[in-house]
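Scroll down for the structure; my scribbles are underneath it.
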Amino acid sequence: MKAALFCPVRYSDPAAGSGWPVSGNAYSSDRAEQSMSAALAQLKLADDVGFDWVTLAEHHYSPFSLTPNPMVFAGALTQVVRRAKIALLGATIPILNPIRVAEEFAMLDTMSGGRIVAGMLRGSPNEYATYNINPAESRERFEEALTLIRMAWTETEPFGWQGRYYEYRTVSIWPRPVQQPHPQIFMSGSSPESGEFAAVNRISLGLAFTNVPLAKQSVAHYRAHAERAGWNPTADDIIYRVLFHVADTDEQAIEDYANAAKAAPRSSLTMANKDLETAVDASGYYGRDRDMQRQRLMPTDLKESIALGRVLIGSPDTVVRQIERIRQELGAGLLDLTIGNDLGEKTLRSIELVGTKVLPRIRELGNA
Amino acid sequence: MSDRISLRQDTGNGPIIVLLQAADAAPSPAVPALARDFRVQVYGVGPAAAAGDVIKAIAAAQPVALVATAAAARVALGLVLDEPGAVSALALIDPPQLDLARDAAIADRLASLTTPLLVLVGTRGAAGLPPSALLLRKAMPSCHIVFVYDAGEKLDDERPEAVAAALAEFARSRERYLVTTRSGLLHP
């Protein structure tokens with residue numbers, strides 16, 4: 001089994017503001033710079049101690065994440081993270097210019113010597129307000145944009161595109177991806193519609209902001225549709241994102257986590273603005289299993305989060321056991337270990353413990 | 001049904017677009033959208049049709065924009081090569097692969113084609129450009145190849161509005177096709 005370190009690049013002041021969008025009144029450029037430096041240090045450490053991937057994501061208008069364009073941050077990472085793959089999970093393609101996304105991924109793949117993993121997501125519902133895109137069009141935009149990006153990577157002759165949502169007179173990107181035919185693509189598979197699209201189009205599956213029982217259903221759905229489409233996804237085609245904190249003892253890990261949660265209560269970006277979430281829901285964004293899609297965004301307390309596999313927490317021994325359960329239930333070959341709150345030295349220690357005491361023991365999981 | 005050429009439909013007002021299609025095919029569903037801005041003359045092309053038949057039938061005072069669907073592409077290419085002054089722009093919708101033995105007269109002369117050429121192909125089916133489009137691109141590097149998203153071989157049946165929009169823009173802009181003139185102004 002493999003592991004990634006997902007660093008959301010949070011703004012380091014928990015009191016900076018809440019809701020969505022968040023006012024910039026309390027913003028400090030020094031704080032932002034320190035936050036980004038800390039994130040670079042965490043991701044570099046992950047590379048040094050043996051993580052297989054480092055991961056970034058795209059979020060806007062909030063101290064929750066300082067990477068509205070993760071491609072920019074990944075550009076810096078290509079020069080700091082020398083071994084691990086650099087995963088962007090992802091670009092929120094329905095709100096972006098798909099050709100620009102194809103070009104940026106190709107640039108990064110070139111700068112990293114072919115170490116880019118190309119996540120393409122619909123993103124969290126609030127992002128549709130960011131660039132004023134109708135969330136009702138989200139799924140159709142996503143499917144067309146992904147098809148176009150893949151065409152831009154693989155078609156060497158200049159071509160035009162007459163789509164439903166995108167139109168280009170000519171496309172011929174330079175640079176082109178190092179990995180051929182293109183970097184591995186991941187997309188979210190939490191909804192049945194997404195799982196079906198991923199299966200039919202042979203795209204790898206990412207599961208985030210969910211829990212093990214729900215993810216298990218999503219994986220089964222994806223595998224069933226992939227089989228119908230004539231292929232069998234491997235464990236490396238499935239990544240499960242989960243919060244984590246590892247300390248030398250269980251008690252220390254839980255104390256660290258609880259203190260951080262008190263200082264900075266967690267709320268999903270979408271649920272941080274109820275009016276926005278209601279409007280997005282009314283657009284039909286969630287699809288045919290709306291209730292489950294909304295339910296998985298609801299917060300749970302720590303005990304429940306551990307039971308549901310939303311959080312890995314404890315000593316290395318405890319966390320290995322928690323990972324074994326996830327591997328067994330989901331068949332996922334990749335864990336996207338997420339830094340919930342930046343605890344400074346404690347977070348660095350947590351990364352180090354995973355690298356030195358957890359990763360060596362989970363490598364063979366699923367290979368027996 | 002003529003085995004050479006017959007006028008099937010003449011609709012709309014404006015600059016003329018001549019659409020050639022198989023004689024036994026129903027008029028393209030893209031015609032109503034095109035006819036909003038153009039006079040569209042639809043001709044059925046029979047198996048014995050030759051380029052000269054089309055020239056006689058059109059008898060236009062000015063060069064026309066010529067569109068050909070599927071198998072009618074051969075006749076259209078022959079016409080443009082024989083009478084380049086009669087055609088201001090040529091668009092081919094999902095053209096068939098030229099048979100280099102049978103179509104040698106066309107294939108050998110493609111490099112001399114100076115009329116602006118647009119080739120529309122669907123994204124469904126084979127990944128990447130079909131051999132027919134690649135051959136045209138190789139012979140004429142300046143030709144424009146445009147994918148019509150989410151369409152198979154019957155592009156104009158499946159996405160008539162998208163096909164009509166591409167054809168209309170190409171008929172208007174011809175050599176300037178790469179640069180849009182559509183305004184992005186939202187609120188003057």
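Every test in (1) surrounded by 20 or more Cβ atoms within 10 Å (Cβ to Cβ); (2) over 25 Å from B:Glu169 (Cβ atoms) is passed by B:Tyr43 save one, and that test is (2). With respect to the conditions (1) touching an Asp or Glu at 6+ places or on another chain (Cβ under 7 Å); (2) in contact (Cβ under 8 Å) with a residue 24 or more places away in the chain, A:Pro70 lacks only one, and its number is (2). When the range B:144-169 is filtered for residues that are over 21 Å from A:Trp153 (Cα atoms) and either surrounded by 24 or more Cβ atoms within 10 Å (Cβ to Cβ) or facing another protein chain (nearest Cβ under 10 Å) (or both), the ones remaining, listed by number, are B:Leu155, B:Asp156, B:Arg159, B:Glu161, B:Ala162, B:Val163, B:Ala164, B:Ala165, B:Ala166, B:Leu167, B:Glu169. Based on this model, can you work out whether A:Phe73 counts as touching a strand residue (DSSP E or B) at 6+ places or on another chain (Cβ under 6 Å) and more than 15 Å from A:Leu88 (Cα to Cα)? Against the criterion (touching a strand residue (DSSP E or B) at 6+ places or on another chain (Cβ under 6 Å) and more than 15 Å from A:Leu88 (Cα to Cα)), A:Phe73 does not qualify. Taking every residue in the range A:299-323 that is within 19 Å of A:Leu353 (Cα to Cα) and pairing it with any residue that is at pLDDT 95 or above and basic (Lys, Arg), at least 6 positions away or on another chain, the pairs with Cβ-Cβ distances below 7 Å are A:Pro316/A:Lys357; A:Val320/A:Arg361.
Against the definition (of a type outside the set (Ser, Thr, Tyr) and in a helix (DSSP H, G or I)), how does A:Ala272 come out, yes or no?
Numbers: of a type outside the set (Ser, Thr, Tyr): yes; in a helix (DSSP H, G or I): no.
Criteria not met by A:Ala272.
What do you reckon, is A:Asp248 out of contact with any strand residue (DSSP E or B) (no Cβ under 9 Å at 6 or more places or on another chain), among the charged types (D, E, K, R) and outside any helix (DSSP H, G or I)? Here the answer is yes, as A:Asp248 does meet what is asked.
Can you tell me which residue among A:Ala220, A:Ala208 is crowded, with 19+ Cβ neighbours inside 10 Å, closer than 27 Å to A:Pro183 by Cα and out of contact with any Gly (no Cβ under 8 Å at 6 or more places or on another chain)?
Numbers: A:Ala220 fails: crowded, with 19+ Cβ neighbours inside 10 Å.
Matching residue, one of A:Ala220, A:Ala208: A:Ala208.
The selection criterion, being part of a loop (DSSP other than H, G, I, E, B), touching a helix residue (DSSP H, G or I) at 6+ places or on another chain (Cβ under 8 Å) and not hydrophobic (A, V, I, L, M, F, W, C), holds for B:Pro29. Looking across the range B:100-127, the residues that are within 14 Å of another protein chain (Cβ to nearest Cβ) and surrounded by 16 or more Cβ atoms within 10 Å (Cβ to Cβ) come down to B:Pro116, B:Leu117, B:Leu118, B:Val119, B:Leu120, B:Val121, B:Gly122, B:Thr123. Restricting attention to the range A:190-211, the residues that are closer than 19 Å to A:Leu243 by Cα and in contact (Cβ under 8 Å) with a residue 40 or more places away in the chain add up to 7.
Considering only residues of the range A:52-98 that are part of a loop (DSSP other than H, G, I, E, B) and within 20 Å of A:Leu205 (Cβ to Cβ), which is farthest from the chain's Cα centre (by Cα)?
Here is the first cut: in the range A:52-98, the ones part of a loop (DSSP other than H, G, I, E, B) are A:52, A:57-69, A:78-84, A:96-97.
In the following step, the residues that additionally are within 20 Å of A:Leu205 (Cβ to Cβ) were identified as A:52, A:57-58.
Working: A:Asp52: 15, A:Ala57: 5, A:Glu58: 8 Å.
Of everything passing the filter in the range A:52-98, A:Asp52 is farthest from the chain's Cα centre (by Cα).
The values are calculated or read from the model by the stated rules, or taken from the named source; none is laboratory data. As the structure is a prediction and not an experimental result, all values here were calculated from the model. Neighbour counts are summed over all protein chains in view; Cβ atoms, including those assigned to glycine, are modelled from backbone coordinates with ideal geometry.
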